[in-house]
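What follows is calculated from the coordinates using simple rules that are stated; it is not laboratory data. Because the structure is predicted, anything quoted here is derived from the model rather than measured.
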Amino acid sequence: MLLPGFIDTHNHAYLRAESMYWVNLDTQTLDGYKQATQEFLAKQPDAKQVRGVGWDLKYVLEQAKTTGKSPAQLLDEIVGKDIPAVFITHGHHEVWANTRAMQNAGITAETPNPAGGFIDRDSEGKPTGILREFGAQNLVISVLPQSDFTVDEYKKAVLSFQQELAPQRGVTSVLVPIHYPTDTFLEAMKVLDTESKLTVRYDLLQWADENRGTEQIPGFIERRAKYKGKFFKTDSIKIFGTGAGSTYGSVVWDQEVLKKTVAALDKEKFRVYIHDIGPTNTYNLMLDAFEYAQQQNGKRDARHMITHVSTEAIPTIPRFLALGVRADGHPLPKAFFDAGVSLTSSSDYPVREFFPMTRIAQGVLSGISLDDMIASHTINGAEAIFAEKETGSIEKGKAADLVVMSQNLFNVAPTALEKVEVLMTVFNGKVIYDREAKSDKKNEIVTEVADGDGH
């Protein structure tokens with residue numbers, strides 16, 4: 001079956017670099033963490049820091065309680081060297097820092113929680129080494145010897161994403177919500193585009209700092225003009241509206257600052273994309289900001305979006321419709337489809353596997369029509385990234401972004417949809433994946449990890 005190339009409207013493609021250059025903490029034991037870390041350090045004996053991804057928050061807190069040691073002390077023992085170590089959970093909402101990292105950041109009992117962030121403390125008020133949400137995480141990350149990947153590392157990570165992940169899944173376009181400040185990544189994308197090496201369309205979202213409000217908008221405008229090319233652009237803004245997992249229900253931004261920032265961004269013709277996992281009242285707060293922007297600037301074809309939309313957003317459907325705000329989910333509740341809300345389906349890679357058939361199958365099994373689920377990963381996605389004139393459907397004059405499936409999806413039982421495979425992927429008229437051809441391209445499986453707290 002021939003389909004338009006799939007579009008993933010929540011995909012952190014740049015985080016491919018983590019699995020390539022950090023310690024992968026797949027074995028959830030302290031011994032497993034130590035073995036992986038020591039193997040990493042053995043290959044880099046002169047390393048001035050250690051970064052890792054994939055540790056389990058609940059497990060580490062339990063071990064800290066059992067041993068009577070702080071999480072920072074446990075990580076000191078794992079690293080075994082006086083260098084800063086900062087590990088992040090798979091969901092990216094919590095980091096685990098060792099004593100050296102905390103000392104370098106100057107975090108003490110007197111350090112207040114930053115806006116939108118939380119510093120875990122013991123019974124005496126001393127920081128334990130667990131930092132929740134980016135405002136707190138950045139306290140230790142920003143003072144690391146290398147706080148971001150290099151241009152070359154990002155280039156290799158993007159090429160790996162394009163060679164080993166996206167084409168095997170039939171994905172030809174992604175919307176990428178960047179969740180930290182990184183001109184280095186944008187520079188890498190500019191170089192790759194100039195070198196004609198991009199084989200996915202990238203809609204990159206610049207990250208908005210909840211502490212800087214409207215003052216950061218001139219910088220967004222400069223980057224929008226500087227970082228754009230044939231297959232990438234940076235004309236949208238990512239806002240962390242709420243926490244997730246262990247901080248579910250927390251609101252990151254001051255509401256008045258949020259409203260004024262969204263309105264100012266809208267005035268400058270930026271599309272605003274807000275992360276909100278709930279509960280219901282937080283969806284209303286984000287919609288209040290979009291409503292304020294419309295009151296200030298008038299209504300336009302802005303295609304503002306809220307992602308991570310869950311069942312708790314169902315009461316706000318009339319407001320999504322009235323404001324023209326788009327909803328994005330993994331997949332969305334059936335009620336959003338039934339009501340006719342403009343919507344898309346996505347993965348939040350690397351938190352989830354991003355094979356679109358995974359979401360399509362889940363949606364169909366929940367009662368959503370196959371036609372609607374396919375549209376949520378194709379033409380709806382194209383509209384979400386302002387690319388419906390180039391891609392998203394099979395029409396004369398559009399770019400040939402196509403995927404060939406192993407079966408006709410309409411002849412497959414809902415329970416078997418996820419097993420349908422990609423035979424070929426075509427990007428802009430060029431075959432970039434052919435399962436039958438001899439190739440060394442791998443098809444890695446991405447581990448599914450829930451947001452936490454049942455969301």
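Some notes on this structure:
- To the nearest ten degrees, helix 280-297 and the longest principal axis of the Cα atoms of the chain are 60 degrees apart.
- Among (i) 64, 57, 43; (ii) 68, 52, 46; (iii) 65, 57, 51, the entry that matches Cα extents along the principal axes in Å as calculated here: (i)
- Convex hull volume of the C-alpha atoms in the stretch 144-230, normalised per residue: 109 Å³.
- Contact order for the stretch 95-149, expressed relative to its length and based on alpha carbon pairs under 8 Å spaced 6+ residues apart, stands at 39 percent.
- Kirkwood Rh, angstrom, the stretch 236-340 [1 / mean 1/r, Cα pairs]: 13.6
- In the stretch 357-444, the ratio of gyration radius to Kirkwood radius, Rg to Rh, stands at 0.99 when only Cα atoms are counted.
- Inter-part distance where the stretch 150-222 and the stretch 1-24 are each reduced to a Cα centre, Å: 11
- Rg and Dmax of the stretch 49-141, Cα atoms only, in Å: 11.8, 32
- Rounded if a/c under 1.5, otherwise prolate or oblate - the stretch 66-111, Cα gyration tensor axes: rounded
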